[in-house]
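A quick write-up on the structure given underneath.
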């Protein structure tokens, strides 16, 4: 987190699909959560964070995916972008849309995984 309370996002995940023979997909995200200082202070406060209007701040990410599984090889070359909001009261740290040239998907990442 920067002195102005902007947050740089740099994460790595390993996703396991629900296929009969699962595929493993490495997911990397990079991006920023920015906004006015008072809004970012409220987001940092667990008692107030879920009451913050998501139109008052920006939560944007770039996503890259990599797999050796041929069924999902198209993920290796796609350019993915996302926009999200904080929803900790629902047990989620990210809820938003990600998209590439083929369309957009609603993604919700639960904090208990």
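The values are calculated or read from the model by the stated rules, or taken from the named source; none is laboratory data. Remember, predicted model here, so these are calculated numbers, not experimental data. Note: ideal-geometry Cβ built from the backbone for every residue, glycine included; neighbour counts use all protein chains shown.
Between 46, 54, 36, the distinction of being at pLDDT below 90 and surrounded by 11 or more Cβ atoms within 10 Å (Cβ to Cβ) belongs to 54 only.
How many residues does the range 2-25 contain that are part of a loop (DSSP other than H, G, I, E, B), in contact (Cβ under 8 Å) with a residue 12 or more places away in the chain and out of contact with any helix residue (DSSP H, G or I) (no Cβ under 8 Å at 6 or more places or on another chain)?
Of the residues in the range 2-25, the ones part of a loop (DSSP other than H, G, I, E, B) are 2-6, 17-23.
Still in the list and also in contact (Cβ under 8 Å) with a residue 12 or more places away in the chain: 4-6, 17, 19, 23.
When the remaining residues are screened for being out of contact with any helix residue (DSSP H, G or I) (no Cβ under 8 Å at 6 or more places or on another chain), the result is none.
So the count comes out to 0.
Taking only the range 57-88 into account, find how many residues are within 20 Å of residue 6 (Cβ to Cβ) and either touching a helix residue (DSSP H, G or I) at 6+ places or on another chain (Cβ under 6 Å) or at pLDDT below 90 (or both).
Residues in the range 57-88 being within 20 Å of residue 6 (Cβ to Cβ) and either touching a helix residue (DSSP H, G or I) at 6+ places or on another chain (Cβ under 6 Å) or at pLDDT below 90 (or both): 14 in total.
Within the range 9-33, the set of residues being surrounded by 11 or more Cβ atoms within 10 Å (Cβ to Cβ) and over 17 Å from the mean Cα position of the chain (by Cα) comprises 17, 22, 23, 24.
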